[in-house]
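Where a number appears in this text, it was derived from the coordinates with a stated rule and is not lab data. Since the structure is predicted, the reported quantities are computational estimates derived from the model, not experimental observations.
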Amino acid sequence: MSRKVLRTRLCDLLDIEYPIILAGMGGAANAELAAAVSEAGGLGIIGAVNLSPDELDAEITRCKRLTSKPFGVDTIAPTNMVDTATIEELRNYIPDEAVDYVSRLANDLKIPVPEGTRFGKEGGTGWAAGMTPKQIEVVYDHKIPVFAAALGSPAFMAPEAHSRGMKVIGLVGNTRQARAEAEAGVDIIVAQGHEAGGHTGYVATMPLVPMVVDAVDPTPVVAAGGIADGRGLVAALALGACGVWCGTAFLCTVEAGILPEAKERLVKATEKDTRVTRVFTGKTCRLLSTELIEKWEKEGPVLPFPLPIVLCTSLQDYMTEARMVDNYFIPTGQVCGAVKEIKTARQVVEEMVEQAVRILEEGLFSRVKLSE
Ligand SMILES: Cc1cc2nc3c(=O)[nH]c(=O)nc-3n(C[C@H](O)[C@H](O)[C@H](O)COP(=O)(O)O)c2cc1C
């Protein structure tokens with residue numbers, strides 16, 4: 001069968017075959033997944049948020065060995081505390097009561113941790129002061145054509161990126177943010193709806209996308225949040241987007257860098273099994289709901305971003321070690337209910353394209369009467 005053609009202006013902008021971008025998912029969108037999506041005709045993105053500059057350098061090098069197609073890198077853009085505080089300072093900001101609370105929680109939920117563990121005060125994230133600018137230098141050195149950022153605006157680097165021939169992508173959850181990004185020179189706006197996995201705003205994808213399209217016209221808009229198949233892709237195009245940015249759809253792929261046990265857990269999840277919480281990062285973040293999150297929401301401390309990440313990743317490390325995923329922190333979108341099996345990233349891209357083409361060629365016309 002000949003390869004399907006489904007092109008939008010996003011394909012020309014990014015030099016890709018299909019208007020499908022792998023969302024930058026820290027911890028999940030590794031070199032293998034990014035390369036597989038690019039090889040399948042979309043744009044792979046390495047989720048670099050928790051990679052040190054050296055680790056990012058290695059990940060990019062690995063990705064380049066796996067594909068000669070374009071791929072991008074996603075991280076967070078510098079914000080005050082994140083960019084200036086050292087990991088030791090962040091650890092010091094975590095109150096003792098929060099450390100004690102997590103110890104009690106781990107004990108209640110039978111998560112095996114060594115006696116006397118001081119959560120957040122050791123282990124966990126490899127956060128370092130000034131990390132994002134150093135990651136960006138790595139991106140420049142490797143001549144990566146696309147840089148994306150969700151938390152914080154990537155606009156500060158647009159002039160430099162443009163002088164290097166790069167494109168900059170910013171994620172937004174409302175029209176005010178979208179206008180600000182477009183006016184500041186961001187090339188592609190991802191309008192991400194409330195149903196998305198990970199950090200999320202308050203407006204759902206359906207109303208958000210057309211409003212952002214109108215607000216930033218003629219800047220290209222890509223739709224995100226709840227899109228996992230060809231129907232979602234066609235809907236996004238109908239709303240005025242020129243492509244899709246998908247996270248959850250690729251989270252259960254063979255290549256995704258999360259524990260196989262977590263993938264198995266995700267394929268059993270329904271659309272009602274996620275919740276938005278500040279427990280994990282201090283910002284509103286959609287995760288698979290667990291007993292741990294429910295308990296913490298009721299009785300635990302809510303610390304400001306990014307302190308919970310320092311606290312929670314040290315707990316997550318012990319769950320990873322024990323391969324206990326019942327209470328694992330897994331950012332995931334509502335569309336996890338539609339992800340029913342573990343596939344390769346190529347299958348996800350190809351099935352999405354085939355279904356979208358089928359709908360555009362015949363499906364809509366067979367269901368809609370345009371004349372008497
Ligand atoms: C496991 C996971 C990790 C994520 N990590 C990041 C991240 O590090 N940076 C980022 O820009 N967005 C992150 N996101 C959000 C995605 O970029 C994207 O906007 C979202 O997944 C789209 O919605 P969907 O999950 O319904 O496809 C993450 C999402 C998931 C599911």
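Cα-based values for the range 207-269, radius of gyration first and Dmax second, are 14.5, 43 Å. Could you give the angle, 0 to 90 degrees to the nearest 10, between helix 131-141's Cα long axis and the longest principal axis of the Cα atoms of the chain? Roughly 40 degrees, rounded to the nearest 10.
Over the C-alpha trace of the range 128-179, radius of gyration and Dmax come out as 11.7, 33 angstrom. Divided by 2.2 N^0.38 Å, where N counts the residues, the Cα radius of gyration of the range 51-162 comes to 1.36. Direction-averaged projected area, Cα convex hull, the range 184-224: 2.9 nm², rounded to one decimal. Each eigenvalue of the Cα gyration tensor of the range 1-122, multiplied by 5 and square-rooted, gives one semi-axis; in descending order these are 40, 17, 13 Å. Start at zero, step by 10 Å, and the Cα-Cα distances of the range 300-367 spread as 15, 27, 26, 16, 14, 3 percent across the bins.
Over the range 249-355, what is the mean sequence separation of C-alpha contacts under 8 Å (at least six apart), divided by residue count, expressed as relative contact order in percent?
The normalised contact order for the range 249-355 reaches 41 percent.
Angle check, please: helix 307-321 long axis (alpha carbons) against the longest principal axis of the chain (alpha carbons), in degrees 0 to 90, nearest 10. Rounded to the nearest ten degrees, it is 90.
Before rounding to the nearest 500, sum -39500 (n - 2.57) across all DSSP H runs of length at least 4 in the chain and divide by the residue total; then give [θ] at 222 nm in deg cm²/dmol.
-12000 deg cm²/dmol
Anisotropy class assigned to the range 116-213 is oblate, per the alpha carbon gyration tensor with a/c at or over the 1.5 cut-off and a/b no larger than b/c. In the structure shown, the pairs Lys263/Lys298; Lys134/Lys283; Lys121/Lys263; Lys263/Lys343; Lys268/Lys340; Lys283/Lys340 are assessed against 18 Å; a Cα-Cα span above that value is assigned to Lys263/Lys298; Lys134/Lys283; Lys121/Lys263; Lys283/Lys340.
Based on Cα contacts under 8 Å between residues 6+ apart, the chain shows a relative contact order of 19 percent.
Each 10 Å bin, from zero up to the one with the longest distance, holds this percent of the alpha carbon pairs of the range 135-268: 13, 38, 33, 15, 1. Can you tell me, using C-alpha contacts under 8 Å and at least 6 residues apart, the relative contact order of the range 140-206 as a whole percent? This gives 27 percent for the range 140-206. Here's the list of lysines a cross-link from Lys69 could span, going by alpha-carbon distance under 16 Å and ignoring same-chain residues fewer than 8 apart: Lys143, Lys167.
Over the chain, the ratio between the Cα radius of gyration and 2.2 N^0.38 Å evaluates to 0.97.
Kindly provide the Kirkwood hydrodynamic radius of the range 215-335 in Å, to one decimal, from all pairs of distinct alpha carbon atoms.
Numbers: mean 1/r = 0.0627 Å⁻¹.
Hydrodynamic radius (Kirkwood, Cα pairs) of the range 215-335 is 15.9 Å.
Between the amide H of Ile45 and those of Leu22, Gly72, distances stay under 5 Å, these residues lying 5 or more places away or on another chain, with hydrogens modeled in the peptide plane.
Return an integer: the convex hull volume of the alpha-carbon atoms of the range 85-132, in Å³ per residue.
Taking only Cα atoms, the range 85-132 has a hull volume of 78 Å³ per residue.
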